[in-house]
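Undergrad: Please read through the structure below; I'll follow up with questions.
The values are calculated or read from the model by the stated rules, or taken from the named source; none is laboratory data. Quick caveat: nothing in here was measured; it's all calculated off a predicted structure. Note that each Cβ is placed from the backbone with ideal geometry, even for glycine, and that neighbours are counted across all protein chains shown. When the accessible area is computed, the model is the full protein with side chains, heavy atoms only, and any ligands, DNA or RNA have been set aside. Shrake-Rupley method; radii C 1.70, N 1.55, O 1.52, S 1.80 Å.
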Amino acid sequence: MAVHARRSTPAKPAQKETEDFIQFADSSSEGEEDEIPEEATNSNTTTHKRKASDEDSGESRQGVYQKCYNGQPVPPWLIGLKRLGQGRTPDISEMINEEVTKFVDYISPTPEEHQMRAWVIERMQRVLDNMKMIGITPVAKCFGSFETRLYLPTSDIDMTIMLYREGTTKIAPSYQTKEAVRRYLFTLARELKRAGFCNKCEVIANARVPIIKTHEMVTGIAIDISINADSGVQSAGVQRSFSERVYPHSLRAIVLAIKQFLAQRSMNEVFTGGMGSYAITLLAVSMLQMHPRILSGGLDMDKNLGVLLIEFFELYGKRFNYDNVCISVLEKGQYLDKRRKGFHNLTQPYLLSIEDPCDQTNDVTKGTYGITRIRQTFSGAYDLISNAIFAYHQTRKFGEPMNDALKWLAARPGDDTSLAPSKKRLKAANGKAKYKQDGASLSSVFNSDPWAPVSFLSSILCVDRKVIDGRAKLAKAFYEGTLQKILGVEYRPQLTKLLPAVAKANDMPAQASVTFDFARDSKTGKPSKASDVVLISDDDDEVVEIEDDM
């Protein structure tokens with residue numbers, strides 16, 4: 001399905017300057033959009049009354065939808081919302097853009113989650129300080145996604161222990177050899193268990209970069225610990241520069257979506273042939289640097305996040321020349337010849353090559369030996385999300401998808417992450433007896449209510465119960481104060497966002513914009529009494545006191 005970029009034409013001066021958008025070639029015309037039934041069914045929602053102006057204004061109606069238009073459960077990032085977009089028949093690219101924004105808001109770390117990770121790092125530093133190494137100053141430094149805040153709720157903390165000569169910032173000579181680093185890793189693993197930091201440690205001593213893999217005991221957060229690996233700190237600086245200065249909004253959205261896409265398919269660990277956060281960031285940066293419409297200034301990235309995500313899957317799943325091209329993000333981005341660069345692998349010419357901007361002799365993805373499988377999943381993702389868009393387009397126009405295989409793909413289970421090539425998948429859908437339902441059975445799945453939620457991302461992304469439970473566990477640990485008591489610290493910011501699980505536990509509206517305020521003693525900095533800690537709901541200005549002792 002072709003994807004076009006289009007901006008407002010000079011013949012229509014009444015349009016706003018910001019009306020720079022992407023439209024799919026198959027989208028219905030203005031005349032076709034009026035074909036949506038006036039009397040929409042509402043079997044997938046709780047009972048509510050419709051206001052006369054709802055159809056035109058697109059304002060939210062009372063009641064919560066339990067299922068999307070295709071009969072699938074509403075994904076977590078759309079719970080409590082109606083169909084995205086303005087008006088009864090919004091532009092599909094507008095809907096995708098809003099959904100990507102909602103997904104990023106949902107999957108991004110809350111202040112509580114980020115603070116808990118910061119406390120885990122502080123706890124690690126205290127373990128190092130208690131080791132009392134003569135003439136050595138150990139310093140715990142984080143790099144990777146934690147430093148850039150481009151991490152998922154399930155992401156681990158990448159940490160390196162810098163063993164400096166006391167009073168300097170130079171690595172101690174006694175710990176510059178690989179053998180000395182290995183011995184220190186085993187010593188550190190024993191000390192972490194003795195201090196109660198974790199229950200067990202896995203020392204991977206024979207890896208190219210020896211590390212410890214463990215989980216902090218209170219939070220359960222996974223940690224990868226290396227020694228004297230300062231190159232990771234430099235790469236974090238590059239990621240932060242691109243995500244905060246060059247592409248402050250669009251890059252973050254694309255990277256988080258791709259990271260979740262790969263994580264749910266176990267393709268995000270480099271040591272198993274997957275693709276790490278640094279490589280994902282550089283891939284997204286390269287696409288934005290080389291995008292012709294962005295280069296010409298004809299595309300507003302922040303208003304086309306969904307289409308840019310689809311084009312990412314198309315570029316690296318179907319178009320990119322892996323055998324001959326090396327990616328470089330230096331000098332505003334360029335494509336280099338793999339052989340001239342010296343990154344060509346005779347036995348594995350299909351490998352992806354990305355020049356490290358911190359070290360131009362280093363190929364960032366030389367260890368991603370599973371790139372063929374990743375490439376296939378990118379291609380499959382493009383097919384699936386394109387089919388989801390086309391199925392909704394046909395449903396909006398005709399009341400349901402016109403092809404039985406397309407119906408099944410649109411109404412497939414949300415946890416089905418199969419990304420087989422499109423032709424094989426469609427053939428399988430047509431060939432399996434359990435999908436050969438009669439037309440009435442398939443048709444009954446689709447809801448003709450024009451305000452029923454529509455999710456395109458759920459065709460390729462899902463947030464499973466493990467992630468949701470993990471976030472709730474972390475929130476519980478934060479409010480119980482277990483880690484704070486161990487460290488003897490408190491949460492300093494005056495205002496912070498609550499996780500939905502915590503709001504529910506305190507009988508607050510699930511979708512309310514909720515904050516809480518610490519009323520602290522001016523001398524101790526502690527909450528002066530339990531009744532001084534209040535929850536504030538922005539929906540109705542309701543104030544609820546927390547009676548539990550903080």
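Undergrad: Within the stretch 294-392, list the chymotrypsin sites (Phe, Trp or Tyr not before Pro) lying in a DSSP loop whose Cβ has at most 13 other Cβ atoms in a 10 Å radius.
TA: Details: sites: Phe312, Phe313, Tyr316, Phe320, Tyr322, Tyr335, Phe343, Tyr350, Tyr369, Phe378, Tyr382, Phe390, Tyr392; in loops: Phe320, Tyr322, Phe343, Tyr350, Tyr369.
Filter output for the stretch 294-392: Tyr350.
Undergrad: Still on this structure, please answer the following. Using only the Cα atoms of the stretch 103-189, build the gyration tensor, take square roots of its eigenvalues as a ≥ b ≥ c, and label the shape rounded, prolate or oblate: rounded if a/c is under 1.5, else prolate if a/b is larger than b/c, else oblate. Walk me through the intermediate numbers first.
TA: Details: a/c = 2.65, a/b = 2.32, b/c = 1.14.
Cα axes put the stretch 103-189 in the prolate bin.
Undergrad: Out of all DSSP beta bridges with both ends in the stretch 126-231, state the antiparallel percent to the nearest 5.
TA: Values: 18 of 23 bridges.
The antiparallel fraction comes to roughly 80 percent.
Undergrad: In Å, what Kirkwood hydrodynamic radius results for the stretch 200-290 from the alpha-carbon pair distances?
TA: Working: mean 1/r = 0.0673 Å⁻¹.
Evaluated on the stretch 200-290, it is 14.9 Å.
Undergrad: Further question: Rg (Å, one decimal) plus Dmax (Å, integer) for the alpha carbons of the stretch 83-123?
TA: Calculated on Cα positions, Rg and Dmax stand at 16.7, 53 Å.
Undergrad: List, largest first, the extents of the alpha carbons of the stretch 239-321 along their principal axes, each in whole Å.
TA: Per principal axis, max minus min of the Cα coordinates gives 40, 29, 20 Å.
Undergrad: Ok, one more. Based on Cα coordinates alone, diagonalise the gyration tensor for the stretch 319-370, multiply each eigenvalue by 5, take square roots, and list the semi-axes in whole Å, largest first. Don't skip to the end; give the middle numbers.
TA: Numbers: eigenvalues 55, 29, 20 Å².
Over the Cα atoms of the stretch 319-370, the ellipsoid semi-axes are 17, 12, 10 Å.
Undergrad: What are the ³J(HN,Hα) couplings of the stretch 397-402, residue after residue, when phi is run through the Karplus curve with 6.51, -1.76, 1.60 and θ = phi - 60°? Round to Hz, x for glycine and proline.
TA: Each residue's phi maps through the Karplus curve to give 8, 10, x, 6, x, 7 Hz.
Undergrad: Let me ask something else about it. Across the stretch 110-123, in residue order, what do the Karplus-derived ³J(HN,Hα) couplings come to in whole Hz, using 6.51 cos²θ - 1.76 cosθ + 1.60 with θ = phi - 60° and x for Gly and Pro?
TA: My calculation for the stretch 110-123 gives 7, x, 5, 5, 5, 5, 4, 5, 5, 5, 4, 5, 4, 5 Hz in order.
Undergrad: I would also like to ask the following. Accessible area per residue, 1.4 Å probe, Å², for the stretch 195-317: what's the number? Could you put the intermediate results ahead of the total?
TA: On the way: 4380 Å² over 123 residues.
Roughly 36 Å² per residue, with all protein chains present.
Undergrad: Going by amide H atoms built from the backbone, whose H comes under 5 Å of the H on Ser448, apart from near neighbours?
TA: Those lying under 5 Å, H to H, from Ser448 are Thr41.
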